[in-house]
Each structure stands twice: as C-alpha cells, then as structure tokens.
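Everything on this sheet refers to the single structure shown next.
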Amino acid sequence: MNGRAAAAFAARHRTGLTVLGVSLALTLVPHLLANPWKLGILNLVAPYAIVVLGLNLFIGFAGQISLGHAAFFGLGAYGSAILTTGYGVPPVAAMVLTAAGVGLTALIMGVPTLRLSGYYLAMATLGFNIVVHNVFVQWDRVTGGPSGLTGIPPFGVLGVAFQGETQQFYLLWGAAMVALSLSLNLVRSGVGGGLAALAEDEISAAAMGVDVHRGKIAVFTVSAVFASVGGSLFAHYLGTITPDTFGIFASIDFVIMVVIGGMGSLWGSLAGAAFVTVLPHLLGPLEDSKDIIHGLIVVAILLVLPRGLLVEIVTLAKSRLAHRRAALSRSG
C-alpha cells in the first residue's frame, strides 16, 4: 500500500482507527495506574459512559429530553441481579434478557409518551423514574427494599469470571468501546441523518419524509437498552445495589454528563461521564463543602464552555494549530 492509498484508507476509516487507537491506549492504563482505588474509580466511569452514550443519542442527536434514564439504568441492574442471584441465570444471559425487557418497556412507554415534547416530555420521564424508584424501595420481597441486593456474582463468560480491578477494567471499558463504536456507526448511517433533521426541526423533518414519531421511539428504545446494559455491568461490578443509586438525582447527573461532554458529541460523552464521576473523588478532602464546590465547578464549565468540555477543547486546539500554521507560512 503506497502513501496515497494509506492516506485515503486512514481518511475513510478515521473514526474506526481512532476508536481502535483509544482502545489500545486503554489497555495500558492498568499497567500505568497501579493504585486499585484509582482504577476502581475509572471502572465506575465505564458503565456511566455507556448510559450517557445512549442518552446523548436521544438528547444531542434527536433533540429530545429525558429525566428518567436512571430508571432504565436501575432496571438493568436489578434485572441482572435478580436473575443471577435468584434464578441462577448466567450473567451474560441475564444481561441480554434484561436489556430485551427494558427495550420492550421503553418501546411501550415511548408510544404514548413521545408524542409529548419539551418540558412535558421531561416531566413524563421524570415521573417514570419516580415510579420505578418507588418499586425498587417498596417491593422488598424481590428487590430487597431500601437495603437493596447483595451477593451479585461478578460478570463471567463461559464460566470464567472477571475478578479484580484490572480484569474488570478490561471488561467494562471493552463494553464502553463497543457502545461507542455502535453509536458512531449509528449517527454516520442514514438513521443518523434522520436524527439530525429531527433535532433541527420536527416539522421540517416530517416534510422531508422522516417519520418523526417512529424515529423518536427508535432512538429512545436504543438509549434505554444502552442504559440497561450499563446497569447490568454496574451491578455485576459492585456486587451490591441499592435503590438510592437509581433515583431522580442520578438521572439529572446523566443529563449533566451529556451537557458537560457536549450535546451531539459522542466522544464528549466519555469526557462528561469521566468528569462528573471523578470530580467528587478529587474533592474528597473538602468533605464539608464538597457538594457546593462541585456545583460551582459544573456551573462554571457550562458558562465558560457552553458547547461542552471536549468540543471546546478540540475547537481551541484546532484554532491554535491553524494560527500557528498561518504564522509559519507567513514567516516562510
């Protein structure tokens, strides 16, 4: 392969090669980060990133709003936990069955709910989250009530369990990279074009032949399945879950992750999930004022970087590179 062919191949498969490069770089993290506590924090980022990738498809690309994705996250966690601990279902099968059930739930819920938009849709999804959270708390015979469920087995494939922070890191971030690849391929397809039109103007999209309602339902269902998978991995990683993890504040956190990373930026979803997850741990020594400082930092970022953390940084880097090239060309 000559240089021109190689350049053409790289340009055509730039996204896939970037995902592959990031994946290879991630394989080095456990070797460079020997501290199990720090590695554990990064492990928590991965399932959140999967949820945020799906939510960004719904918010950033379809132009809709959901304040209920913590419910799908919780359904994925509890579904896998109940099937594995109560019925002896293998974790992979439990995750798949739960994701199918959550997808069906989102589909049934989306048919009437997604005829709403704006604040009304936000309130409807928020109400769904409240209902699901109350079920987790009240149905103690199945969910363990406020105490939650314990003894959830680690994720395993063909009888081989992923144990320890390093093995869990490869599992969780491998799943996150798969979710990222699926999301990128989706938005680059014809479906992604329809979503972009939907986000810009629903009336114009309908005039162009886009089935607006069906498109909303489809992306809502996909985002719910992503959240379910993230929840299943989260439950098997921690080994214990409680209802408080899946309340309305978790849904708000997911939306904040999308906004900080950049609405419509799938790579930004990873950055937003990492930032919101890691920041409280960095503020650990400031226990008394941690929540206030956390909130102020989030507000400051939204004010200074309105398009999102990663989008603004990349834009600034490109701008400086362009100025440097222009200066070099003038001096040459």
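The values are calculated or read from the model by the stated rules, or taken from the named source; none is laboratory data. The shown structure was predicted, so the numbers you read here are calculated from the model rather than taken from an experiment. Reconstructed Cβ throughout: ideal geometry from the backbone, glycine too, with neighbour counts over all protein chains shown.
Observations on the structure shown:
- Failed item in (1) under 25 Å from residue 213 (Cβ atoms); (2) under 21 Å from the mean Cα position of the chain (by Cα), with residue 111 passing the rest: (2)
- Selected residue [in a helix (DSSP H, G or I) and at pLDDT 95 or above] from 102, 111, 142: 102
- Those residues of the range 284-310 which are modelled with pLDDT under 75 and either closer than 23 Å to residue 40 by Cα or of a type in the set (Val, Ile, Thr) (or both), in sequence order: 284, 285, 286, 287, 290, 291, 294
- Just one residue in the set 68, 101, 110 is in contact (Cβ under 8 Å) with a residue 24 or more places away in the chain, farther than 23 Å from residue 238 by Cβ and out of contact with any Asp or Glu (no Cβ under 7 Å at 6 or more places or on another chain); that residue is 110.
- Residue 247 being surrounded by fewer than 24 Cβ atoms within 10 Å (Cβ to Cβ), closer than 30 Å to residue 89 by Cα and in contact (Cβ under 8 Å) with a residue 40 or more places away in the chain: yes
- Residue within the range 87-94 that is outside any helix (DSSP H, G or I) and in contact (Cβ under 8 Å) with a residue 12 or more places away in the chain present: yes
- Residues of the range 118-174 that turn out to be without any contact (Cβ under 8 Å) to a residue 60 or more places away in the chain, among the polar types (S, T, N, Q) and touching a helix residue (DSSP H, G or I) at 6+ places or on another chain (Cβ under 8 Å), as a count: 1
- For the range 77-100, the set of residues classified as touching a helix residue (DSSP H, G or I) at 6+ places or on another chain (Cβ under 7 Å) and β-branched (Val, Ile, Thr) consists of 82, 84, 89, 98, listed by residue number.
- Neighbours by Cβ (under 6 Å, 6+ apart or cross-chain): first from the range 4-29, surrounded by 12 or more Cβ atoms within 10 Å (Cβ to Cβ) and among the hydroxyl-bearing types (Ser, Thr, Tyr); second at pLDDT 75 or above and in a helix (DSSP H, G or I): 15/184; 23/177
- Checked against the criterion of being surrounded by 24 or more Cβ atoms within 10 Å (Cβ to Cβ) and within 20 Å of the chain's Cα centre (by Cα), the range 130-153 contains not a single residue that satisfies it.
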